[in-house]
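Take a look at the structure set out below.
Nothing in this text is a laboratory measurement; each read-out follows from the coordinates by a stated rule. Everything numeric here is computed off the predicted structure, so don't read it as measured data. Methodologically, a virtual Cβ is constructed for each residue, glycine included, from the backbone with ideal geometry; neighbour enumeration extends over all protein chains shown.
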Amino acid sequence: MPTPSVALLEICVPSAWFLRNNVKKVQNGDDARSTVVFAQGAKILEAVKRYHDKSPKSASEAFNIFGKYADKSKALNVAGKGIDWAAKNVNPLICASAVYKTVTSDNKVETGITQAGAISGMFLGEGLMKLHMDKAINEQNIVTMAEKSKNLKGLSKLSNYILKSGNGGKVAAVLKGIAFVCASMTSYDIGERLAKEPAKKVCSNLGIKSSFDEKC
């Protein structure tokens with residue numbers, strides 16, 4: 001069985017983690033994220049077909065597992081775009097889910113401000129990672145670290161695996177995917193938290209009861 005390429009890992013590692021996170025949100029009642037689940041799944045399917053085309057049938061079968069979460073939302077059907085469009089428009093669908101969450105919220109002002117903060121924080125964190133990540137996490141640096149640790153107890157097996165031809169790039173791709181997801185999710189949470197106080201003040205000025213008052 002052929003091993004996944006670096007290009008495939010760079011797409012599928014973060015997308016699979018984001019997919020899992022959004023599936024959990026849908027299962028916890030955040031129906032707005034159902035289209036994001038569909039889009040992340042579509043992105044994985046497109047990558048598998050492009051870089052690992054010996055298994056498109058199994059990929060399509062796997063897609064049915066997460067594609068079912070899109071059934072809760074008619075957004076993609078209304079758009080009439082399908083899988084290929086969804087794979088290329090994950091971020092717009094994330095923004096659309098935030099808008100949907102705001103429109104359907106009992107306190108639209110509060111939700112709108114906190115969602116704007118969260119999404120802005122996420123995009124800022126992801127942007128910074130894209131600018132600097134490749135400088136820190138790359139095949140050359142991974143191989144250099146493996147060379148230095150190949151004789152250390154407990155790290156020799158991993159180091160020797162990395163030093164095999166091509167494995168350094170794959171390990172770097174996995175680590176970059178993990179780092180990107182962690183930065184994205186952390187930035188989202190920070191942005192949401194920072195937006196809570198402004199949301200609370202705006203609600204107070206408008207005479208709207210804030211849910212944050214109840215939690216204090």
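Packing order of peptides 29-35, 182-188, highest average first: 29-35, 182-188 (average count of other Cβ atoms within 10 Å over each peptide's residues). Relative protection proxy for 4-17, 190-203, from highest mean packing down: 4-17, 190-203 (other beta-carbon atoms within 10 angstrom). Extending 7 Å from the Cα toward the beta-carbon at both Asn91 and Lys24 defines two label points whose distance is 2.4 nm.
One way to sum up the overall shape of the range 106-208 is the equivalent ellipsoid from its Cα gyration tensor, whose semi-axes run 44, 11, 9 Å, largest first. Stretched out straight at 0.36 nm per residue, the stretch from Ile190 to Asp31 would grow longer than its current Cα-Cα span by 55.0 nm.
Spacing of the modelled spin labels on Glu147 and Ala7, each 7 Å from Cα toward Cβ, amounts to 2.8 nm.
For the listed peptides 143-153, 113-123, a ranking on the average number of other beta carbons within 10 Å per residue, highest first, reads 113-123, 143-153. Here the extension length gained between Arg50 and Leu131 equals 26.6 nm, from 0.36 nm per residue of separation less the Cα-Cα distance.
Could you work out the relative contact order of the range 91-173? I mean the mean sequence separation of Cα pairs under 8 Å and 6+ apart, divided by the number of residues, in percent.
21 percent
Straightening the chain between Tyr161 and Thr104 buys 15.4 nm, computed as 0.36 nm per residue apart minus the Cα-Cα spacing. Once both labels are positioned 7 Å from their Cα atoms along Cα-to-Cβ, the gap between Leu124 and Cys182 label points is 2.1 nm.
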